[in-house]
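Below is one structure, written out as structure tokens, with a few remarks after it.
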2 protein chains.
Amino acid sequence: MALIVQKFGGTSVGTVERIQQVAEKVKKFRENGDDIVVVVSAMSGETNRLIDLAKQVSDDQPVPRELDVMVSTGEQVTIALLAMALIKRGVPAVSYTGNQVRILTDSAHNKARILQIDDQKLRNDLKAGRVVVVAGFQGVDEHGNITTLGRGGSDTTGVALAAALKADECQIYTDVDGVYTTDPRVVPQAQRLEKITFEEMLEMASLGSKVLQIRSVEFAGKYNVPLRVLHSFQEGPGTLITLDEEETMEQPIISGIAFNRDEAKLTIRGVPDIPGVAFKILGPISAANIEVDMIVQNVSHDNTTDFTFTVHRNDYQAAQQVLENTSRELGAREVVGDTKIAKVSIVGVGMRSHAGVASRMFEALAKENINIQMISTSEIKVSVVIEEKYLELAVRALHTAFELDAPARQGD
Amino acid sequence: MALIVQKFGGTSVGTVERIQQVAEKVKKFRENGDDIVVVVSAMSGETNRLIDLAKQVSDDQPVPRELDVMVSTGEQVTIALLAMALIKRGVPAVSYTGNQVRILTDSAHNKARILQIDDQKLRNDLKAGRVVVVAGFQGVDEHGNITTLGRGGSDTTGVALAAALKADECQIYTDVDGVYTTDPRVVPQAQRLEKITFEEMLEMASLGSKVLQIRSVEFAGKYNVPLRVLHSFQEGPGTLITLDEEETMEQPIISGIAFNRDEAKLTIRGVPDIPGVAFKILGPISAANIEVDMIVQNVSHDNTTDFTFTVHRNDYQAAQQVLENTSRELGAREVVGDTKIAKVSIVGVGMRSHAGVASRMFEALAKENINIQMISTSEIKVSVVIEEKYLELAVRALHTAFELDAPARQGD
């Protein structure tokens, strides 16, 4: 008998029929003897409907405190519906809002952080044989104000509850059946991973595999809560995300290939190469609230240097303007930019113990005549920036080069 | 500077535009220097939408506790929207759910009663110059479960808050501009009453003038909270409902004429006239959860009696069946019924000090050849049952006989 926290997102509870399917699934686990805490999001579309109403009365600038009072009702409706659906099936259940559990957060409305969870009520209910249904995404601050954790916060609620209850597993139900070696739409031979480490998942998530919210993975890693990604309405073991405790012989060098097209590249050329120039360039960018991802400074020649970085494409225009100003102040030669780039990364804890991973990557890309514009490496990741049009080709080539392709099935 | 509690029902906050109109109205009062607590209902249609969802997952039998979790979200959305609309207009405001105020109720889900209100938070906000927007219709029990007061409970919330805060007035905004001497659709000469007593209002409300919820009037009377009924979107003084403190010379004998068509009449004929027969007849009716309104037992002759009572028309079939059984058991002659009846009542505290009011009523009806089937009287009310087709005629005749008609205006 295990204690399992199960989280169902907005699509999984998007209609009355789906809520009933979720109730059936929970009932099966319960009949297996497991203790179940369910965390649910608002029915899909509901949060946007509420935000839209709020904007209508607020000239698009809803007061954060009141916005939380409003949008938190979305999950409140779902918990009641799911509890009703369970009780109708003979499964004792009870619903709680974030405030009722007492999920204590700070007071940062619309993006609050969980500080503490009172697990007493939940433990009593579990002991009494009840399934507990908790509203995701919301909490309450020390003054009794309703707070929300920001978009995707329901994953975080699930993990935080699992940590507080020392649950055996936190299952995140979603519209994919697990984490894949890369996007199957790009590489049909992509395979579902049985297991992946928190670290790898963080690199995969931040690089574009939008299966889980980053914050929830960080949280799970910090408290060592085993996370499992599963499909809401298909059977299957999903992908387990855990600490890297047992390195097996068969462990692949890399676990997956992540990519994204969300970035743009900016280069300031012919900057006088004096100490502190990096700060002089990036300081104003950061002051403009623009996040920088990859940064490369080329080797200096004739006392000037070229400085390149990437930003989110949405920030490209703003970053370019800031950089033009900086360029004038520093007496640089010119600012050039490129939005037609893509970032491709290989991710794997296996590369810690294997040399030559990066060169194998570069070799695979060279074979396809794909030019690498920027490179950045971390302990378990190598990222390159390439021309956007080569993205699919690059991902497929790397997937094959690192032996991630699924074996051809008979009849294929 | 007064402290005013203002309650706006579902129609008054039914759209974003109307919420903005309400915000404008509240702003004006605030600018007059009044302290304002606003109580709002769910946007019209929202509560039904939620109940409908609940029924879909529950085979039409939603679990009461979970239903309260759901439907309470309706008001929660409105409080946030109104607070946002006020803040946008430069009026400091804050919203509270029933739980946040702490409106403590018993645990009778879907029909809870208010036990206690913590006024500390509200007083602090008022002192700080904020308008406080409170969700009507909801509260929390001692275990932290969300409760609702049942349909129309927002009026009760308004009155209860006014009582707790010792407010100068509780204003109920609605879609009529006050309480009338009778229904203006039946009697075009009906007049708006400047003032009416709680007692009269209770008799008027229970008899079919559906302006205010009975419970809220009882509550207001008990705690002597001056109630004012006003139109949400028209200017005007409305009708003030208070204790009958100053009896003036001009006080009319009766204040209004109420009526309804919701009742049906049942008679059991030729019942052996033995002690306890009334209980033998009405006991089974009450056991079937059917409420009885008027009761008449005719004078006994040849040791049998005729016993007549009225029930809501919806209960007519059920009551008839129960009565047929009773008839067989008691050896009565027959059961007869009539659904084509109407009840007309004259209401007024003035009749306490004036004799002959009932006979004046009967005279007016006799003049129109309207036969009276049943009569029931209380200290401030005389009700008669007549054939339904005479209803309008009877109301008009009585309105004139008791000098309630508005004086013909010039040009009329």
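What to note about this one:
- Of the criteria (1) among the hydrophobic types (A, V, I, L, M, F, W, C); (2) within 30 Å of A:Gln21 (Cα to Cα); (3) part of a loop (DSSP other than H, G, I, E, B), which one B:Val77 fails: (3)
- Count of region A:348-398 residues, restricted to those that are in contact with a Ser or Thr (Cβ under 6 Å, 6 or more places away or on another chain) and either surrounded by fewer than 19 Cβ atoms within 10 Å (Cβ to Cβ) or not charged (D, E, K, R) (or both), is 5.
- Taken together, the criteria exclude B:Arg30 from residues that are on the phi < 0 side of the Ramachandran plot, assigned to a helix (DSSP H, G or I) and surrounded by fewer than 19 Cβ atoms within 10 Å (Cβ to Cβ).
- Per the listing B:Val179, B:Val186, the residue uniquely surrounded by 18 or more Cβ atoms within 10 Å (Cβ to Cβ), among the β-branched types (Val, Ile, Thr) and closer than 28 Å to B:Leu393 by Cβ is B:Val179.
- Of the criteria (1) assigned to a loop (DSSP other than H, G, I, E, B); (2) in contact (Cβ under 8 Å) with a residue 12 or more places away in the chain, which one B:Gln61 fails: (2)
- The sole residue among B:Ala112, B:Ala108 that is surrounded by fewer than 24 Cβ atoms within 10 Å (Cβ to Cβ) and either polar (S, T, N, Q) or more than 13 Å from every other protein chain (Cβ to nearest Cβ) (or both) is B:Ala108.
- Filtered residues of region B:35-60 (kept if more than 12 Å from chain A (Cβ to nearest Cβ) and of a type in the set (D, E, K, R)): B:Asp35
- Evaluating B:Tyr96 against the criteria (1) within 30 Å of A:Pro62 (Cα to Cα); (2) in contact (Cβ under 8 Å) with a residue 60 or more places away in the chain; (3) among the aromatic types (Phe, Trp, Tyr) leaves one unmet condition, (2).
- Qualifying positions in region A:80-91 - facing chain B (nearest Cβ under 7 Å) and either buried (at least 24 other Cβ atoms within 10 Å of the Cβ) or part of a strand (DSSP E or B) (or both): A:Ala80, A:Leu81, A:Ala83, A:Met84, A:Ala85
- Count of region B:1-27 residues, restricted to those that are assigned to a strand (DSSP E or B) and crowded, with 19+ Cβ neighbours inside 10 Å, is 5.
- Candidates are the residues of region B:16-31 that are charged (D, E, K, R) and over 18 Å from B:Leu126 (Cα atoms); the one that is nearest to the other protein chains (Cβ to nearest Cβ) is B:Glu17.
- Considering region B:307-339, and only residues there that are part of a helix (DSSP H, G or I) and of a type in the set (Gly, Ala, Ser), the residue that is surrounded by the fewest Cβ atoms within 10 Å (Cβ to Cβ) turns out to be B:Ala318.
- Of all the listed residues (B:Val176, B:Val187, B:Val133), the sole one being within 14 Å of chain A (Cβ to nearest Cβ) and either of a type in the set (Val, Ile, Thr) or assigned to a strand (DSSP E or B) (or both) is B:Val133.
- Only one of B:Gln171, B:Gln138, B:Gln189, B:Gln120 that is out of contact with any strand residue (DSSP E or B) (no Cβ under 9 Å at 6 or more places or on another chain), touching a residue at least 60 places away in the same chain (Cβ under 8 Å) and of a type outside the set (D, E, K, R): B:Gln189
- In the set (1) within 26 Å of the chain's Cα centre (by Cα); (2) farther than 18 Å from A:Leu149 by Cβ; (3) part of a strand (DSSP E or B); (4) within 11 Å of chain B (Cβ to nearest Cβ), A:Val94 fails one condition alone, (1).
- Every condition in (1) over 23 Å from A:Leu212 (Cβ atoms); (2) crowded, with 21+ Cβ neighbours inside 10 Å; (3) hydrophobic (A, V, I, L, M, F, W, C) is met by A:Ala160 except one, and the failing one is (1).
- Candidate set: region B:144-157, residues that are within 14 Å of chain A (Cβ to nearest Cβ) and buried (at least 24 other Cβ atoms within 10 Å of the Cβ); chosen: the one farthest from A:Tyr96 (Cα to Cα): B:Thr148
- Among residues of region A:364-380, those that are under 25 Å from A:Leu193 (Cα atoms) and either modelled with pLDDT of 90 or more or among the acidic types (Asp, Glu) (or both), counted: 3
The values are calculated or read from the model by the stated rules, or taken from the named source; none is laboratory data. Worth saying up front: this structure is predicted, and the values here are computed from it rather than measured. Every residue, glycine among them, receives a Cβ derived from its backbone with ideal geometry; neighbour counts consider all protein chains shown.
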